[in-house]
Amino acid sequence: MKHFLKETDFSPAQVAELFDLARNLKATRGREIASVLKHQTWALIFSKSSTRTRVSFEVGIHELGGNPLFLSKNDIQLGRGESIEDTARVLSRFVHGLIVRTYDHAEVERLAAAGTVPVINALTDFLHPCQIYTDAFTMAERWAPSGGDLFASLRGRKIAFLGDTACNMANSWVLGANLFGMKISLAGPAGFAPSADLNGLLAREGFAGGYDFTTDPIEAVRDADVVYTDVWVSMGKEEEKRDRLALMAPYSVTGEVFAAAKPDAYFMHCLPAHPGEEVQQEVLDNPRSIIFDQAENRLHVQKAIMTLLARRD
């Protein structure tokens, strides 16, 4: 049994296999292996609301032949004080996999440690690995020649991440970029440099020092193949909204900032976007904005993740 809690839970060779599978699933919409999850039920435990994550996983499980079971945290005893460990042990007797979207990253780790079915991290405040795999796949679709090596096409490419450089998306992109052989440059306020927790994880994975951090957005995007941003006020940070908007205003992806990247650079955002804040509408509307391809690919990449986990179960 294997879990997917962080980007490095799959080896580079396994990621390459996963990307090839996602490409096939996208081309066929899963018709060839629609029985992968036949007679299986996968539970989605969500403490945070969602559009793309919930819909893509529920549709993906259905298309793989399985049954999705959505469980709000408040719908089950976990919301009334039952321990994470007991929840994992009980649900493991009923379902074949757990897909968890929550706040504390330790919750998905504890569920994985106590349960006996695969656990997928569908977002925590620390990491969002499903999104990063999807984003990398979306990039590789454009850089790999037809039928070429998707994973290899990422090596040496540069991504610039602007804004809240201490959020889960920035953390995940730092870890993912190192796994994919990419370069990453972060640009944000001085107090938003990567955390000690992320630096510790990078060191344990053999990626110590695997990023550049600057307070200058133009410096970060110079020679970038991709310019990436995320919302400045994530769920759970609403009380900090006024301060965050003022502090991060210099890091908005404007047309000028985007133009400082490579001439053929792409713009990416995991959505939902807030035009006029972390990105300007002109950039969202740019022909090299591939935000909706990212959104669609959540379905195909997550189906590939579940397929590999089911095969290894």
Those residues of the stretch 116-126 which are in a loop (DSSP other than H, G, I, E, B) and crowded, with 24+ Cβ neighbours inside 10 Å, in sequence order: 122, 123, 124
Matching helices (runs of 4 or more DSSP H) fully within the stretch 1-114 where at least 1 residues are within 21 Å of the chain's Cα centre (by Cα) and either of a type outside the set (Ser, Thr, Tyr) or modelled with pLDDT under 95 (or both): 12-28, 52-63, 105-114
Close pairs (6 angstrom Cβ cut-off, 6 or more residues apart or separate chains): within 25 Å of residue 37 (Cα to Cα) and free of Cβ contacts under 8 Å to residues at least 60 places away in the same chain in the stretch 81-107, exposed (fewer than 14 other Cβ atoms within 10 Å of the Cβ) and polar (S, T, N, Q) anywhere: 92/116
From the options 213, 180, 151, 207, residue that is of a type in the set (Phe, Trp, Tyr) and in contact with a Gly (Cβ under 8 Å, 6 or more places away or on another chain): 213
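Yes or no: residue 172 closer than 16 Å to residue 4 by Cα and not assigned by TED's automatic domain parsing to the domain that holds residue 25?
The answer is yes for residue 172.
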Residue in the stretch 58-68 that is out of contact with any Gly (no Cβ under 9 Å at 6 or more places or on another chain), in contact (Cβ under 8 Å) with a residue 24 or more places away in the chain and surrounded by 20 or more Cβ atoms within 10 Å (Cβ to Cβ) present: no
Matching residues in the stretch 1-23 - criterion: being buried (at least 17 other Cβ atoms within 10 Å of the Cβ) and either of a type in the set (Lys, Arg) or free of Cβ contacts under 8 Å to residues at least 40 places away in the same chain (or both): 6, 23
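The values are calculated or read from the model by the stated rules, or taken from the named source; none is laboratory data. Model, not experiment: these values are computed from the prediction. Backbone-built Cβ (ideal geometry, glycine too); neighbour counts: all protein chains shown.
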